[in-house]
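The values are calculated or read from the model by the stated rules, or taken from the named source; none is laboratory data. Being a predicted model, the structure only gives us computed values, none of them experimental. Every residue, glycine as well, gets a Cβ built from its backbone with ideal geometry; the counts of neighbours run over all protein chains shown. Please note that ligands, DNA and RNA were not included when accessible areas were found on the heavy atoms of the full protein model with its side chains. Shrake-Rupley method; radii C 1.70, N 1.55, O 1.52, S 1.80 Å.
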Amino acid sequence: MSRFKGIYWRTFTVTVGMVALTLVLLGASFFSLTYSYIVSEKRGELQDKAEVIAQMAVSAYSKPGILNSPWSEDLKEIVSVAKRMSNTDFLIWIPSLRGFISTDGSIGNRELTLPAEMGEKLEKGESYAGNSRLGLYEKARFVVAVPARTAADGTVVGPVLAVAEPNAMTEMWRAFLGIFAMTAVTVLLIAFVVTATTTMQQTKPIKDMATAARNFADGNFDARVYDTGRDDEIGELTEAFNAMADSIQKTEQQRREFIANISHELKTPMTTIAGYADGILDGVISPEEERQYLSIISAESRRLSRLVRRMLDVSQLQSIDLIKQKRPFDLSESMRRVLVSMEKKITGRGLDVDVEIPEDPIMVMGDNDLLTQVVYNLLENACKFAAQGSALFLGLEKQGEKAVVTVRNTGETIPAEELPLLFERFHKTDKSRSEDKDGVGLGLYIVRTILEQHREKITAASENGITTFSFTVQLAEEKGLAKTV
């Protein structure tokens with residue numbers, strides 16, 4: 001993947017692009033508003049000055065003979081004063097000569113062309129403002145024209161034009177433009193730095209996760225993302241990833257332990273079977289002893305069969321969807337059948353059984369065979385670890401919308417730190433606690449898996465030599481149900 005196609009560069013580009021676009025839009029709006037404001041201010045300024053000059057011109061017009069001389073001292077004094085007042089040209093109309101006298105001597109004898117709109121407004125006695133070359137200038141200039149009225153009757157004598165210098169309109173606007181440009185550059189630089197820093201902080205944990213994932217693929221399960229202390233989505237993702245890594249590492253450790261256990265469990269009976277079979281075939285074992293060793297071979301073969309069957313059970317549970325197989329059935333009847341099937345094992349260990357199963361059917365929703373397997377595994381486990389000659393308890397009762405199954409035995413107390421591990425895959429308790437060495441740590445894992453797929457819970461407690469397992473099953477609706485076995 002190209003480094004410019006990553007999240008960092010996409011986020012960086014989009015953020016900076018949005019900042020730049022915002023500045024452009026704000027700049028366009030700012031320039032439009034400031035230019036309109038400057039034009040309005042300049043128009044008001046020029047109009048005020050033009051009206052003053054118009055009043056002075058009207059006063060000059062009222063003197064005898066002034067209108068017959070285009071360059072009278074009074075009019076020259078007026079335009080001179082006007083030029084000193086501001087950086088503005090003023091054109092004063094001389095009615096008798098049908099021409100203008102200007103503060104700019106270079107255009108005094110040139111022909112002046114007034115825009116049609118200006119002429120129309122001046123004829124109506126209104127002022128005018130706009131851009132025009134007036135037939136005198138190379139480029140259009142901002143022009144304000146006001147009518148010069150007599151004081152006696154308000155008759156319009158002629159116009160007075162105020163013409164802004166080319167740079168007068170743009171000086172303030174250029175100042176605003178410079179300030180805005182400097183501000184925009186500063187904002188963009190800040191945006192670059194902040195976006196680069198923030199985006200890097202966001203993408204670094206993701207890159208670390210990718211590196212850790214590649215380490216997992218290479219067999220290194222110790223890799224973690226060390227970016228703690230963040231209270232945001234990235235922090236949650238980091239915590240979730242590390243939790244997943246811990247789970248993967250734990251599963252890998254359990255897998256290795258399972259392989260080691262399975263290797264040991266398979267090696268022992270296979271070695272025994274092969275050794276005794278070879279002894280019989282080679283004549284090392286006498287004919288009188290053959291039956292004894294054949295019995296051992298048979299027992300070891302059955303143990304291998306049980307081991308393989310348990311492994312197949314685990315594989316099957318991981319590949320089926322139990323939710324679609326839920327049906328109403330009588331849980332009390334299923335528990336009685338389990339108890340009957342376990343009679344030989346219970347009797348063989350000299351155990352008494354205390355049973356509290358209601359006589360009436362207790363209908364529950366679930367897979368009959370699998371939930372029966374749960375009861376069987378729990379009762380078998382309780383029988384295996386019960387003290388010789390002690391008592392077992394198997395009970396069933398209703399609690400709200402649930403049926404609760406309880407299996408209890410008396411034996412050695414399970415340490416508190418070991419209780420959470422009982423239902424883990426491949427976990428085995430201390431082998432010295434049981435005379436039965438057939439277990440491979442899958443029975444209780446199968447129990448938990450079945451119950452989890454039924455959305456049910458199981459709990460375990462052990463105190464003072466009494467160990468209790470309890471799990472719940474959803475009761476079936478009573479209306480319209482037929483007993484299912």
**Count - residues of the stretch 450-467 that are crowded, with 16+ Cβ neighbours inside 10 Å and at pLDDT 85 or above** = 8
**Asked** Under 8 Å by Cβ, and 6 or more places apart or on different chains, what pairs join a residue from the stretch 344-364 that is at pLDDT below 90 with one that is among the charged types (D, E, K, R)?
**Response** Lys345/Glu380
**Prompt:** Name the pairs: first residue in the stretch 10-33 and touching a residue at least 60 places away in the same chain (Cβ under 8 Å) and hydroxyl-bearing (Ser, Thr, Tyr), second residue open to solvent by 70 Å² or more (accessible area, probe 1.4 Å) and assigned to a helix (DSSP H, G or I), Cβ to Cβ under 9 Å, at least 6 apart or on different chains?
**Reply:** Thr11/Gln202; Thr15/Val194
**Message:** Can you tell me which of (1) assigned to a helix (DSSP H, G or I); (2) of a type in the set (Asp, Glu); (3) surrounded by fewer than 17 Cβ atoms within 10 Å (Cβ to Cβ) is the one Asp208 doesn't meet?
**Reply:** (3)
**Item:** Where Val284 falls short, out of the listed (1) at pLDDT below 75; (2) outside any helix (DSSP H, G or I); (3) not acidic (Asp, Glu)
**Value:** (1)
**Message:** For the stretch 33-61, give me each residue that is open to solvent by 70 Å² or more (accessible area, probe 1.4 Å) and within 44 Å of the chain's Cα centre (by Cα).
**Reply:** Leu33
**Message:** Which residue is farthest from Asp246 (Cα to Cα), if the candidates are limited to the stretch 211-235 and must be open to solvent by 70 Å² or more (accessible area, probe 1.4 Å) and assigned to a helix (DSSP H, G or I)?
**Reply:** Glu233
**Message:** It is to be established whether one or more residues within the stretch 335-348 are in a helix (DSSP H, G or I) and within 51 Å of the chain's Cα centre (by Cα).
**Reply:** yes
**Prompt:** Can you tell which of Phe12, Phe4 is assigned to a helix (DSSP H, G or I) and either surrounded by 16 or more Cβ atoms within 10 Å (Cβ to Cβ) or at pLDDT 75 or above (or both)?
**Reply:** Phe12
**Extreme residue, modelled with the lowest pLDDT, among residues of the stretch 142-157 that are crowded, with 19+ Cβ neighbours inside 10 Å and not β-branched (Val, Ile, Thr)** = Ala148
